[in-house]
Amino acid sequence: LKMSWSWFYLPLHLLMAACLCHSIKAPTTGSQQSFKTDLFNFYHSLILADGKETTVHLLKDIPKRYYFVLEEGRGLAPFTITVTPCDVPIEWSIFVHKASASFLGKAAQGDHDTQEVSKSQKAASMVSTIFNYKGNSVETYMGMSSHSALYMLEFLSMERDTHITVYLTTDTTSGHLYPELPMDPRLDVIGIGHTTVTLTWKHSPSVLQHRENIQYCLLVNEKHNYKSLCAAETAIRSSGIKLPPTLALSLPPYLLEPQQVMILSNSELSIISKASSGEVRQICVGTKNTYTVPNLSPSTQYYFDIFVVNLLTNASAAYTGTFARTLEEPEPKVMELKDGKVIQVVLDGKTQKFYSLQYQARYKKIQFTLQLCRGQVQVHITKNDKTVALENISGLRYFSLKGKLLDTYLVQLRSTEESNSSVKVQVSPHFHKPLFPLLPESLKIKSFSKLRTCNSVTIAWLGTQEESKYCVYKKRIEEDQVWMELQSADRCSGPESRHKSEKVLCKYFYDLNLQRAVTTETIKGLHAGTLYLFDVYLFGPSGIPVRYHSKVVKTRKKC
């Protein structure tokens, strides 16, 4: 650091008086006491607190200085200083001014004759640089002093405005603010999969000694490693996301930012932050020193950092981070479709992978039938590598296609929502007897509010021109079950999945005039003020059912 020593020598006796006046009980006049009070107040903001972590904000190219004093009479005085850059590299130095007891006494007694002080400084003091560092790593200086000495720390950021944390302690007997790192602080990769990476690390001595107050937290991102948790949180905030405090890890979900998701499973807390630069995960894993990171993307490079965190002080120490690239996604398996055979496919909503079905045509005209059972599904059909259909399906969907003998069709399916989806698929010659029944224009069930009573409701649904069997089922539910019942309903499941007590009736009907192909049914024997879930199943000639959209109706409370 380039600096002038004039600032150090000129106010030295004033600063030392300020530092010591509060601890020396010498008789003084009123004016002397007032002078010392003013000095102490002026320099107080520059004095570094002992035993407390201090946050220091730095402006670009403007040095900032802090002081502390090691007093005489303590024998050998050990001390440590830990500086944690929270963003860009900084430069910092420690300077020491050693002075004799007589000089300190004069400073404390308020003898401010300039010439005398100047002589005393030349004779009894010496200024030297004892440490200098430039970079963005967490650095700790451990020193020992046998003299009364004034120390000065100078910090400088040359890239941009930033902030750092500084921790000074002269008490080396009551434990450490920062958790200790092992002799080998490296993070090792012991397993790599398509969507997982397994990590291990040596235990921190602090974990072995204070297991209940220490835990490990893992940070996963796709940009680079971080040398401190402070630096990681700063980077995430700069991406437009406010990360919760490291140790407020028991935060309730409503305190998280909208871009964050908190997941608690198997006593592990994960905070996932969605930033413009990618996903950042903060996972606290307790005191175990092996962890498999799940739900990663294939063929992607990730950076992993482990921090050992003191739950009482919120202070942390960083292991040496590592990185790994997940394996490439394997080629999806292709299942062969056979004429007339129905298969049901379950699609993973988290990975949203395509599920592939292949069919080689034995006829010129064929028909693909897809019945959506749960969730949302996109279907992509190609013929000899050319797209013939691409859409999101709902309910029952038919694709009638014309081509040549031995044409190769590929049906690719994927879930378009995060939860799992499922769909039934069938392919058959165009002239083949339909597997699914003829469907009405709408599969909605209608209820009539004016016809509701305390013990009955009336529902209606559309039929077709083909005589078919319809079965009605009811289920009593609670208010907080409505959403789950409607979302989790499997539209491909038939009455065989229902309890016998839920069956209301079965009936046949049809009408050649579609305008009159409507039927109603009044369900009696219900409880007042109660919610019921009603389902209607339509059976075609093949016996495969199609489920209408469930309807929730509440009986009247008073009649």
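The values are calculated or read from the model by the stated rules, or taken from the named source; none is laboratory data. It should be emphasised that the depicted structure is a prediction, and the values quoted were computed from it without experimental measurement. Neighbour counts are summed over all protein chains in view; Cβ atoms, including those assigned to glycine, are modelled from backbone coordinates with ideal geometry. What goes into the accessible areas is simple: the full protein's heavy atoms, side chains included, and nothing from ligands, DNA or RNA. Shrake-Rupley method; radii C 1.70, N 1.55, O 1.52, S 1.80 Å.
Which of the residues that make up region 366-415 are of a type in the set (D, E, K, R) and in contact with a Phe, Trp or Tyr (Cβ under 7 Å, 6 or more places away or on another chain)?
Here is the first cut: in region 366-415, the ones of a type in the set (D, E, K, R) are 374, 383, 385-386, 391, 397, 402, 404, 407, 414.
Within region 366-415, LYS383, ARG414 meet the criteria.
Being at pLDDT 85 or above, open to solvent by less than 60 Å² (accessible area, probe 1.4 Å) and among the hydrophobic types (A, V, I, L, M, F, W, C) is the filter here; which residues of region 49-67 pass it?
Passing the criteria: VAL56, LEU58.
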Please verify whether region 385-395 includes one or more residues that are on the phi > 0 side of the Ramachandran plot and open to solvent by 80 Å² or more (accessible area, probe 1.4 Å).
yes
Just wondering, is there one or more residues in region 148-157 that are at pLDDT below 75, open to solvent by less than 30 Å² (accessible area, probe 1.4 Å) and not in a helix (DSSP H, G or I)?
yes
Between ASP511, ASP490, which is at pLDDT below 85, assigned to a loop (DSSP other than H, G, I, E, B), of a type outside the set (Lys, Arg) and touching a strand residue (DSSP E or B) at 6+ places or on another chain (Cβ under 9 Å)?
ASP490
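Which one of LYS475, LYS450, LYS469, LYS557 is open to solvent by 60 Å² or more (accessible area, probe 1.4 Å) and either part of a loop (DSSP other than H, G, I, E, B) or of a type in the set (Asp, Glu) (or both)? Lay out the reasoning, then the answer.
On the way: LYS475 fails: either part of a loop (DSSP other than H, G, I, E, B) or of a type in the set (Asp, Glu) (or both); LYS450 fails: either part of a loop (DSSP other than H, G, I, E, B) or of a type in the set (Asp, Glu) (or both); LYS469 fails: either part of a loop (DSSP other than H, G, I, E, B) or of a type in the set (Asp, Glu) (or both).
Only one candidate passes the filter, namely LYS557.
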Condition test on GLN412, is it open to solvent by 10 Å² or more (accessible area, probe 1.4 Å) and not assigned by the TED database to the domain that holds ILE343?
no
Checking LEU187 against (1) buried (at least 16 other Cβ atoms within 10 Å of the Cβ); (2) farther than 30 Å from ARG65 by Cβ; (3) modelled with pLDDT of 90 or more; (4) in contact with a Lys or Arg (Cβ under 7 Å, 6 or more places away or on another chain), which test does it fail?
(4)
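Quick one: count up the residues across region 304-336 that are farther than 30 Å from GLU212 by Cβ, of a type outside the set (D, E, K, R) and not in a loop (DSSP other than H, G, I, E, B). Quick ask: steps written out before the conclusion?
We begin by selecting, within region 304-336, every residue farther than 30 Å from GLU212 by Cβ; these are 323-336.
Retained after the next criterion (residues that are of a type outside the set (D, E, K, R)): 323-324, 326-327, 330, 332, 334-335.
If we keep only those that are not in a loop (DSSP other than H, G, I, E, B) too, we end up with 323-324, 334-335.
So the answer is 4.
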Kindly evaluate THR530 against the criterion of being open to solvent by 30 Å² or more (accessible area, probe 1.4 Å), in contact (Cβ under 8 Å) with a residue 40 or more places away in the chain and closer than 19 Å to LYS551 by Cβ.
no
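Can ASP480 be described as open to solvent by less than 70 Å² (accessible area, probe 1.4 Å) and out of contact with any Asp or Glu (no Cβ under 9 Å at 6 or more places or on another chain)? Before the answer, list the steps.
Details: open to solvent by less than 70 Å² (accessible area, probe 1.4 Å): no; out of contact with any Asp or Glu (no Cβ under 9 Å at 6 or more places or on another chain): yes.
In short, no.
Go through region 415-443 and give me each residue that's part of a strand (DSSP E or B) and crowded, with 16+ Cβ neighbours inside 10 Å. Full working, then the answer.
Within region 415-443, the subset part of a strand (DSSP E or B) is 415, 421-429.
Hits for region 415-443 are SER415, SER421, SER422, VAL423, LYS424, VAL425, GLN426, VAL427, SER428.
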Exactly one of these conditions fails for PHE368: (1) assigned by the TED database to the domain that holds SER400; (2) touching a residue at least 60 places away in the same chain (Cβ under 8 Å); (3) open to solvent by less than 70 Å² (accessible area, probe 1.4 Å); (4) in a strand (DSSP E or B). Give me its number.
(2)
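Rundown of residues vs (1) in contact with a Ser or Thr (Cβ under 7 Å, 6 or more places away or on another chain); (2) at pLDDT 90 or above; (3) closer than 19 Å to ILE544 by Cβ, yes/no style:
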residue	(1), (2), (3)
GLN301	no, yes, no
THR313	no, no, no
PHE323	no, yes, no
ASP339	yes, no, yes
ALA361	no, yes, no
LYS364	no, yes, no
LEU370	no, yes, yes
LYS404	no, yes, no
Could you list, in sequence order, the residues of region 196-223 that are part of a loop (DSSP other than H, G, I, E, B), over 21 Å from THR287 (Cα atoms) and modelled with pLDDT of 90 or more?
GLU222
